[in-house]
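Before any comments, here is the structure.
The values are calculated or read from the model by the stated rules, or taken from the named source; none is laboratory data. None of the values given here were measured: they were computed from a predicted structure. Please note: Cβ atoms are built from the backbone with ideal geometry, for glycine as well, and neighbour counts cover all protein chains shown. In case anyone asks, the SASA skips ligands and DNA or RNA and just uses the protein heavy atoms, side chains included. Shrake-Rupley method; radii C 1.70, N 1.55, O 1.52, S 1.80 Å.
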Amino acid sequence: MDLNVYLQERIEQIDAALDRWLPSAAILPGRLHQAMRYSVFAGGKRLRPILTIAASEAVGGHIGQVLHAACAMEMIHTYSLVHDDLPAMDDDNFRRGRPTNHREFDEATAILAGDALLTEAFRLLMDSEANQGIDPLRTIRVAETIARCAGSRGMVGGQVVDMESEGREVDFPILEYIHTHKTGALILASVQVGGWLSGASDDQMNALTRYAESAGLAFQIADDILDVVGDQSELGKDVGSDQARGKVTYPALLGLKESRKRADELHARAIASLELFGEAADPLRELARHMIDRNS
Ligand code: GRG
């Protein structure tokens, strides 16, 4: 399969659906809706929604069963970036190659746009039309998983420990906690949701979970490496910011060479976990490579 063609097709489907489901800037409160759309349509890679769709395809499902959930994952991801960039957190000026939300609008609007994106994501997950034909228990399980992965036991928890660790000496278990929670939890949820909504068996769910855990951690190690060796214009954000903030990263603890080796090992583990799916998991296989070989 040609990954670029696959990505392009999926991105177009996801963007069209996001445009349909996000409130229009013509609806009150227009500025808030404009701010939500500003960050959602700022040119992200759409990795999480694509993983949801690819996981569904791996278990014999189709995009129509999971598109709403895929878009919800992207809304939650975007909210996390908007809040992460705020002055109270990373205080960043650029994201996805353009001014951050609070720079383009104002701080209160950015906070509320993030809040509204998170809330809208759960509305969409529960959308009665989008859930037609899906066992309601699966929908409940999906919402529960996403809430857990995004909350204090997942992404928010990872963010808090990351902030608490800035400028401190941190050991490997804490670094792994940060990475598996701040980044890994949402990637895990994205993959699991695709499987559940498309009727995956327990064996298939276990395999998808192993895949997502390995690929998610490899993705974050790649992100740490890019912060050291990446190109600012391709990344669309500042390079070297982790070190400047005294953040704990893989390259800081293990060095670049060992970090790359660890990412490769995790990639191999992710691929091995997909064996039972055959060709249907080719998109997931290609995505795992893409997640560590990327330059943005
Ligand atoms: C504020 C609750 C809260 C959480 C913030 C996601 C996050 C947690 C912080 C963003 C900072 C960061 C570098 C996190 C690591 C995860 C990561 C690599 C995010 C960027 O994801 P990409 O590369 O971004 O998929 P695009 O823009 O392509 O969607």
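Checked against the criteria, residue 88 does not count as outside any helix (DSSP H, G or I), within 13 Å of the ligand (Cβ to nearest atom) and within 30 Å of residue 282 (Cβ to Cβ). Restricting attention to the range 255-279, the residues that are touching a residue at least 12 places away in the same chain (Cβ under 8 Å) and open to solvent by less than 40 Å² (accessible area, probe 1.4 Å) add up to 8. Please tell me if residue 63 is touching a Lys or Arg at 6+ places or on another chain (Cβ under 9 Å), aliphatic (A, V, I, L, M) and either open to solvent by 20 Å² or more (accessible area, probe 1.4 Å) or closer than 18 Å to residue 285 by Cα (or both). Yes, satisfied. A count restricted to the range 214-249 and to residues that are modelled with pLDDT under 90 and not in a helix (DSSP H, G or I) stands at 11.
Yes or no, residue by residue, for (1) touching a helix residue (DSSP H, G or I) at 6+ places or on another chain (Cβ under 7 Å); (2) outside any helix (DSSP H, G or I); (3) free of Cβ contacts under 8 Å to residues at least 24 places away in the same chain:
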site: 1; (1), (2), (3): yes, yes, no
site: 5; (1), (2), (3): no, no, yes
site: 13; (1), (2), (3): yes, no, no
site: 20; (1), (2), (3): no, no, yes
site: 23; (1), (2), (3): yes, yes, no
site: 72; (1), (2), (3): yes, no, no
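Taking the criterion of being over 14 Å from the mean Cα position of the chain (by Cα) and of a type in the set (Val, Ile, Thr), the residues of the range 72-123 that qualify are 100, 109, 111, 119. The set of residues in the range 32-49 that are at positive phi and open to solvent by less than 20 Å² (accessible area, probe 1.4 Å) contains only 46.
Is it fair to say residue 52 is of a type in the set (Ser, Thr, Tyr), open to solvent by less than 10 Å² (accessible area, probe 1.4 Å), within 23 Å of residue 184 (Cα to Cα) and away from the ligand (no atom under 11 Å from the Cβ)? Please lay out each step first, then the result.
Details: of a type in the set (Ser, Thr, Tyr): yes; open to solvent by less than 10 Å² (accessible area, probe 1.4 Å): yes; within 23 Å of residue 184 (Cα to Cα): yes; away from the ligand (no atom under 11 Å from the Cβ): yes.
Yes, satisfied.
For the range 128-160, residues that are without any contact (Cβ under 8 Å) to a residue 60 or more places away in the chain and open to solvent by less than 30 Å² (accessible area, probe 1.4 Å) total 8.
Candidates are the residues of the range 66-81 that are within 16 Å of the ligand (Cβ to nearest atom) and open to solvent by 10 Å² or more (accessible area, probe 1.4 Å); the one that is nearest to residue 194 (Cα to Cα) is 77. Condition test on residue 177, is it under 20 Å from the mean Cα position of the chain (by Cα) and either open to solvent by 10 Å² or more (accessible area, probe 1.4 Å) or within 14 Å of the ligand (Cβ to nearest atom) (or both)? Yes.
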